[in-house]
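Below you'll find the structure, written out as structure tokens, and then a few comments.
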Amino acid sequence: MARADLDKQPTDVRRMFDTVARRYDLTNDLMTAGIQRSWRRSMVEAVAPRPGDLVLDLAAGTGCSSEPFFERGATAVPCDFSVGMLQQGKKDRPALPFVAGDGTRLPFLDDTFDAVTISYGLRNFVDPVAGLKEMLRVTRPGGRLVVCEFSTPTNGALRTVYMDGFMRALPAIASLTASAADAYVYLAESIRAWPDQAGLADLVAEAGWQRPEWRDLTGGIVALHRATA
């Protein structure tokens, strides 16, 4: 099983990510020509972690997105439901406290975290609003949410090239490093089916978060959504 479908059955999505775990970080770097590193820096700045903060990083995979919080003096808790990703992350980043968990049923108490963040994972939830509500539940009053997710380019020409060109080429690009390139067919489909910037802001508000806003990165290929508990 290398690919999930857009009905997003959790077991299928989990198996798919287990399959691609070993080279997932390398493949992402290749597919984005390294631009994802600047996206990650922007995400960290949006979270603005302070020494002593407790930050939950959901859909953290191998912990690549969690490391910068740790380096800023925060306690970063990488959480993912793919055991394969967690096992690879523990090999690569043994200092991080990896936790297995379903984003719609988080294994944490209410009002635990100063900030919750998720990068490129919310669109894989079978119920994104339920996931956003769980994130709100485990965030302290006044805490912050940052969602970094693929979005809709704001320029028409870029949107055409990105959606009709790059998305179709994505599995072939991934095949250069990934052992299960079919998984990237699903990932491309899930990006194309995902709401635009305003649509995601509406989902964030529906889940109960306050003052949702967003900032486009690379012309809207990625957007950072922020909100407050």
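Could you go through the range 88-101 and let me know if any residue there is farther than 22 Å from residue 191 by Cα, open to solvent by 10 Å² or more (accessible area, probe 1.4 Å), touching a Lys or Arg at 6+ places or on another chain (Cβ under 8 Å) and not aromatic (Phe, Trp, Tyr). Checked against the condition, which is being farther than 22 Å from residue 191 by Cα, open to solvent by 10 Å² or more (accessible area, probe 1.4 Å), touching a Lys or Arg at 6+ places or on another chain (Cβ under 8 Å) and not aromatic (Phe, Trp, Tyr), the range 88-101 yields at least one hit. Exactly one residue out of 223, 205, 188 is among the small types (Gly, Ala, Ser), modelled with pLDDT of 95 or more and either part of a helix (DSSP H, G or I) or open to solvent by 40 Å² or more (accessible area, probe 1.4 Å) (or both): that is 205. Restricting attention to the range 112-131, the residues that are of a type outside the set (Phe, Trp, Tyr), part of a loop (DSSP other than H, G, I, E, B), closer than 26 Å to residue 41 by Cα and open to solvent by 20 Å² or more (accessible area, probe 1.4 Å) total 1.
Can you name the residue in the range 49-75 that is free of Cβ contacts under 8 Å to residues at least 24 places away in the same chain and not polar (S, T, N, Q) and, of all such residues, is nearest to residue 93 (Cα to Cα)?
First pass over the range 49-75, keeping only residues free of Cβ contacts under 8 Å to residues at least 24 places away in the same chain: 51-52, 71, 75.
Next, from what is left, pick out any that are not polar (S, T, N, Q): 51-52, 71.
Working: 51: 20, 52: 20, 71: 12 Å.
My answer is 71.
So for the range 163-177 (the condition being modelled with pLDDT of 70 or more and either in a strand (DSSP E or B) or under 25 Å from residue 58 (Cα atoms) (or both)), does at least one residue qualify? No, the range 163-177 contains no residue that is modelled with pLDDT of 70 or more and either in a strand (DSSP E or B) or under 25 Å from residue 58 (Cα atoms) (or both).
The values are calculated or read from the model by the stated rules, or taken from the named source; none is laboratory data. Everything quoted here is computed from the prediction, not taken from an experiment. Neighbour counts run over all protein chains shown; Cβ positions are idealised from the backbone, glycine included. Surface accessibility is based on the protein's heavy atoms, side chains included, excluding ligands, DNA and RNA. Shrake-Rupley method; radii C 1.70, N 1.55, O 1.52, S 1.80 Å.
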